[in-house]
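The values are calculated or read from the model by the stated rules, or taken from the named source; none is laboratory data. The model shown is predicted, which means the values in this text are computed figures rather than measured ones. Reconstructed Cβ throughout: ideal geometry from the backbone, glycine too, with neighbour counts over all protein chains shown.
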2 protein chains.
Amino acid sequence: MTSPVGLHRVLEPVGVLPQAAWRLDPAGPVGVDEVRIRVERLNLDAASFRQLSEKHGGDGAAVRAEVLEIISSRGKMHNPVTGSGGMLIGVVDEVGPSSPLRLKPGDRVATLVSLTLTPLVVTDALAGWDGLGEQVPCAGYAVLFARSVVAVLPDDLDARLSLAVLDVCGAPALTARVVSGYVSPSVAVLGGGGKSGALALAAARRAGAGRTVGVVPVAAERDRLLAAGLASEVALADARDPVALAAAVSGALGGPADVTVVCVDVPGCEHGAILATADGGTVIFFSMATSFAAAALGAEGLAADVTMLVGNGYVPGHAELALDLVRSEPGVRALFQARVAAD
Amino acid sequence: MTSPVGLHRVLEPVGVLPQAAWRLDPAGPVGVDEVRIRVERLNLDAASFRQLSEKHGGDGAAVRAEVLEIISSRGKMHNPVTGSGGMLIGVVDEVGPSSPLRLKPGDRVATLVSLTLTPLVVTDALAGWDGLGEQVPCAGYAVLFARSVVAVLPDDLDARLSLAVLDVCGAPALTARVVSGYVSPSVAVLGGGGKSGALALAAARRAGAGRTVGVVPVAAERDRLLAAGLASEVALADARDPVALAAAVSGALGGPADVTVVCVDVPGCEHGAILATADGGTVIFFSMATSFAAAALGAEGLAADVTMLVGNGYVPGHAELALDLVRSEPGVRALFQARVAAD
């Protein structure tokens, strides 16, 4: 019997879970409770793509070569600098007889577990990708374990749109859960114009938020978010500047936020998020660029009685909630379509 | 007027909060809302001391030299590798006329904000320290801001004991708050034989925990924790081995824990903590060695519906709660006295 969490695919170091492993074994036969996917497209995590692109000064060929090198040496797309991966889309190729995932060959699916723990082989050298965007056309194979999370893609939405939505579907689900624990809380979403940020704003409103503010770094994003109509207010501020950020949030909400959601994929937003949040409030960190120590010591140093959550990408029902928001909220859909077209 | 969070002491980069700064200005006159402390002793954060000691192979003179170099170049004791600091004990030397901290010259105090944001000058080259323990005899000066947190040391407890307790007083306070949100939850404390772990176990029991287990790595710690009588069960496991850890916790509690508290100051405990926790449960990360990405992606990869908290070192009333536990729980007091004597 193979391990439901994939321990049998770990090559080194032995005994750790696949996400913690340096190298996985993506080859070999499909285990009795595994599923093999024929890959069509990878969606790199935003923090990972940004790091690679900046490292290579925007040289797409060099970015592509490094992604290939990571996958071939690690047996998974696990950026060693950011620690993050992304997700993939593909077609079910083979299903082990004991798999609990209820898939059948031919199903078109997106994985909702990170690429950092998904065994992966690339067979086309990523020849169809220019290295300039997060969405990577790709031929190859990937393996799902018994305890993986996967969504069959809906027929009524474009596959690239669905992939972009599912990639960040933990954010709206956890935001909704936290918001519904308060009575009409004020909510600030840092990076409200991005994919996870727009979904978080829509989810917060639906979950009973009072005043909301989306914080964005540049005027063009402000205009797009205003047009989308997802927040009571839109404020322009650099989330890495704690004093300016807190002033912008307080100005928009009439005081610090009860719930602050961090969806900005750059380092250094911890202190601003804490300073912008009211005592008794909650900060949800969704950015993979979050520093644990900066958050913990920042709150202590500011004597801030705030609850700080590590943004867990898994909440039951998260895929359905996020897809429903895109279907039913024209503002969310428009933002996503523009983002997908730009990638 | 000076900034209540100390922005005026930041030398570089300008505009960030003191904790995020590379370098602070510890010199200059005491601001109207500041307090100057004559330092007697530093208590280095456990993760920081361990990193320095391992880097120098236990060579105390080399550790001392590096601590001096960090303080003189950064104007604070902020380990650049671990990102952590510690705290200090001293006597109030000068109080600005607008300070809200209600201190007077001569008060013996411990700072409850991290050394990573406390302007500090050392004047004795740490001549009284052998570099072999976390407690550092020290002559020098430190500055508190208006929004700092500080405790006047109690007369009925040894100062070194009080300092060790106050250093980790956020852990029992947050553990108590989380435990009281469940009905008779089962609680696992990883590193239950350490200072924060022992306090967390005692706080969990007092806050209404059902079965509790303290997990420790070696037999000597197991025996000490059993003798202290702070947990229903004591289990021996390496918290970095997820499968072994989850089995040990389930064996002791009869199933996964409702609340798991991570007090182990080594990297790589995130996956084990998540795997040892029940769906609907909460993991509290107090270790500064916690990786944000490993926690976030680990929970997602395991499809684990757990709430993950960044251990905020500040909870109102935390100092009083921790000191009261040491006074009233002989098991806690015995463990602390042994730890302090060994340092």
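Spot the failing condition for B:Phe49; the list is (1) within 15 Å of B:Ser114 (Cβ to Cβ); (2) in contact with a Leu (Cβ under 8 Å, 6 or more places away or on another chain), and only one is missed.
(2)
For residues in region A:22-46 being surrounded by 24 or more Cβ atoms within 10 Å (Cβ to Cβ) and out of contact with any Leu (no Cβ under 7 Å at 6 or more places or on another chain), which is nearest to A:Gly191 (Cα to Cα)?
So the residue we want is A:Ala46.
Report, by residue number, each residue of region B:279-321 that is acidic (Asp, Glu) and touching a strand residue (DSSP E or B) at 6+ places or on another chain (Cβ under 6 Å). First the steps, then the outcome.
Within region B:279-321, the subset acidic (Asp, Glu) is B:279, B:300, B:305, B:320.
Matches in region B:279-321: B:Asp305 only.
Does region A:203-225 include one or more residues that are surrounded by fewer than 24 Cβ atoms within 10 Å (Cβ to Cβ), outside any loop (DSSP other than H, G, I, E, B) and under 18 Å from the mean Cα position of the chain (by Cα)?
Within region A:203-225, none of the residues are surrounded by fewer than 24 Cβ atoms within 10 Å (Cβ to Cβ), outside any loop (DSSP other than H, G, I, E, B) and under 18 Å from the mean Cα position of the chain (by Cα).
Which members of region B:266-295 meet the condition of being closer than 18 Å to B:Ala246 by Cα, among the aliphatic types (A, V, I, L, M) and assigned to a helix (DSSP H, G or I)?
Once the filter is applied, which keeps residues that are closer than 18 Å to B:Ala246 by Cα, among the aliphatic types (A, V, I, L, M) and assigned to a helix (DSSP H, G or I), region B:266-295 yields B:Ala273, B:Ile274, B:Leu275, B:Ala294, B:Ala295.
For region B:30-57, enumerate the residues that are part of a loop (DSSP other than H, G, I, E, B) and touching a Gly at 6+ places or on another chain (Cβ under 9 Å). Walk me through how you get there before you give the answer.
Of all residues in region B:30-57, those part of a loop (DSSP other than H, G, I, E, B) come to B:30-34, B:45, B:56-57.
Hits for region B:30-57 are B:Val30, B:Gly31, B:Val32, B:Asp33, B:Glu34, B:Asp45, B:His56.
Do we find that A:Pro185 is part of a loop (DSSP other than H, G, I, E, B) and either surrounded by fewer than 17 Cβ atoms within 10 Å (Cβ to Cβ) or touching a Gly at 6+ places or on another chain (Cβ under 8 Å) (or both) in this structure?
Working: part of a loop (DSSP other than H, G, I, E, B): yes; either surrounded by fewer than 17 Cβ atoms within 10 Å (Cβ to Cβ) or touching a Gly at 6+ places or on another chain (Cβ under 8 Å) (or both): yes.
For A:Pro185, the condition - part of a loop (DSSP other than H, G, I, E, B) and either surrounded by fewer than 17 Cβ atoms within 10 Å (Cβ to Cβ) or touching a Gly at 6+ places or on another chain (Cβ under 8 Å) (or both) - is met.
Test A:Val91 against the stated conditions and say whether it is surrounded by fewer than 16 Cβ atoms within 10 Å (Cβ to Cβ) and β-branched (Val, Ile, Thr). Spell out how you get there, then give the answer.
Numbers: surrounded by fewer than 16 Cβ atoms within 10 Å (Cβ to Cβ): yes; β-branched (Val, Ile, Thr): yes.
Yes.
Limited to region A:1-23, what total is found for residues that are touching a strand residue (DSSP E or B) at 6+ places or on another chain (Cβ under 7 Å), within 12 Å of another protein chain (Cβ to nearest Cβ) and at pLDDT 90 or above? Walk me through it before giving the result.
Taking region A:1-23 and keeping what is touching a strand residue (DSSP E or B) at 6+ places or on another chain (Cβ under 7 Å), we get A:9-12, A:16, A:18, A:21-23.
From what is left, the residues that are within 12 Å of another protein chain (Cβ to nearest Cβ) are A:10, A:16, A:18, A:21.
Retained after the next criterion (residues that are at pLDDT 90 or above): A:10, A:18, A:21.
Residues in region A:1-23 being touching a strand residue (DSSP E or B) at 6+ places or on another chain (Cβ under 7 Å), within 12 Å of another protein chain (Cβ to nearest Cβ) and at pLDDT 90 or above: 3 in total.
Only one of these conditions is not met by B:Gly28: (1) within 14 Å of another protein chain (Cβ to nearest Cβ); (2) over 22 Å from the mean Cα position of the chain (by Cα). Which number is it?
(1)
Scanning for something out of contact with any Lys or Arg (no Cβ under 8 Å at 6 or more places or on another chain), assigned to a helix (DSSP H, G or I) and surrounded by 20 or more Cβ atoms within 10 Å (Cβ to Cβ), does region A:229-241 turn up at least one residue?
So far as region A:229-241 goes, no, none of its residues is out of contact with any Lys or Arg (no Cβ under 8 Å at 6 or more places or on another chain), assigned to a helix (DSSP H, G or I) and surrounded by 20 or more Cβ atoms within 10 Å (Cβ to Cβ).
Considering each residue of region A:114-152, count those that are buried (at least 17 other Cβ atoms within 10 Å of the Cβ), in contact with a Leu (Cβ under 8 Å, 6 or more places away or on another chain) and part of a loop (DSSP other than H, G, I, E, B), and give that number.
Summing the residues that are buried (at least 17 other Cβ atoms within 10 Å of the Cβ), in contact with a Leu (Cβ under 8 Å, 6 or more places away or on another chain) and part of a loop (DSSP other than H, G, I, E, B) in region A:114-152 gives 9.
Look through A:Ala273, A:Ala322 and report the one residue that is within 21 Å of B:Leu117 (Cα to Cα), more than 7 Å from chain B (Cβ to nearest Cβ) and in contact (Cβ under 8 Å) with a residue 24 or more places away in the chain.
Exactly one of A:Ala273, A:Ala322 is within 21 Å of B:Leu117 (Cα to Cα), more than 7 Å from chain B (Cβ to nearest Cβ) and in contact (Cβ under 8 Å) with a residue 24 or more places away in the chain, namely A:Ala273.
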